[in-house]
1. Output the residues belonging to the range 33-49 that are surrounded by 15 or more Cβ atoms within 10 Å (Cβ to Cβ) and assigned to a loop (DSSP other than H, G, I, E, B).
2. For the range 163-179, name all the residues that are of a type in the set (A, V, I, L, M) and assigned to a helix (DSSP H, G or I).
3. (1) outside any loop (DSSP other than H, G, I, E, B); (2) more than 16 Å from the ligand (Cβ to nearest atom); (3) touching a strand residue (DSSP E or B) at 6+ places or on another chain (Cβ under 9 Å); (4) not aliphatic (A, V, I, L, M): which one isn't true of Glu133, the others all being true?
4. Are there any pairs, at least 6 apart or on different chains, whose C-beta atoms fall under 8 Å, with the first in the range 147-170 and without any contact (Cβ under 8 Å) to a residue 40 or more places away in the chain and over 20 Å from Gly22 (Cβ atoms) and the second small (Gly, Ala, Ser) and within 9 Å of the ligand (Cβ to nearest atom), and if so, which?
5. Which ones in the range 158-196 are under 22 Å from Thr81 (Cα atoms), away from the ligand (no atom under 13 Å from the Cβ) and out of contact with any Lys or Arg (no Cβ under 8 Å at 6 or more places or on another chain)?
Amino acid sequence: IHHGGAIGIDMGIARFATLSDGGFYAPLNSFKRHETALRKAQQAMSRKTKFGRNWKKAKARVQCLHARVGHARRDYLHQTTTAISKNHAMVCIEDLQVRNMSRSAAGTAAAPGRNVRAKSGLNKAILDQGWFEFRRQLDYKLAWQGGHLIAVPPKNTSRTCPCCGHISADNRQSQALFVCVACGFEENADVVGAINVLRAGHARLACEVSDALMSPAAGTHRSELSASA
Ligand SMILES: [Zn+2]
């Protein structure tokens, strides 16, 4: 097993997951093709005489398509989480209340929602479920491999410049593009988010390590210093 070190992940709509190394995974609604077929089959079923021979045939087709959509989505999540957990020892992810993500999709006047498109069109419940399931799988698969999942607060991850540290909402030129108003650094906005999530993860880990160093033994050391001073 090859552990490629630490990586940050930005979860989104246009891209299901973007990695801090620039890689990304297609959105969960890439199964729309299946869903269209399912909807058509359901309409066909509703036109048949209930419990008739043709109705039973149509019903079997609906059930088959329904299972296929579910399988495709589950396979996709498993492939994604397996690949990430095998290639990275530490994975940092935004600590979002998954359930709140799409509920607050429209955002506020001060912070226009990044998830606006989640509300329109795409099935919100499936999206929420996908994010939740993604995190759950990452968590246990990383544990199997001896790795760690670190959740960090999403504060300013979308508007901090990874190059100079300048924080501004103006850095987000559009949904997709990040251009720092201070230094001119330019990058895909989701990649910037993932880089900042990774940095926040490193910072959190550093805090935990220093807390451990400050515990009993270090405390004794400090009181010795003050006693001798
Ligand atoms: Zn900058």
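1. Result: Lys48, single match.
2. Taking the range 163-179 first, the residues of a type in the set (A, V, I, L, M) are 167, 169, 176-177, 179.
Within the range 163-179, just Ala169 meets the criteria.
3. Result: Glu133 passes all but (3).
4. His166/Ala182; Ser168/Ala182
5. Result: Val191, Gly193, Ala194.
Since every read-out is calculated from the coordinates, none of them should be taken as a lab result. A quick note: this is a predicted structure, and the numbers were derived from the prediction, not measured. Virtual Cβ from ideal backbone geometry, glycine too; neighbours counted across all protein chains shown.
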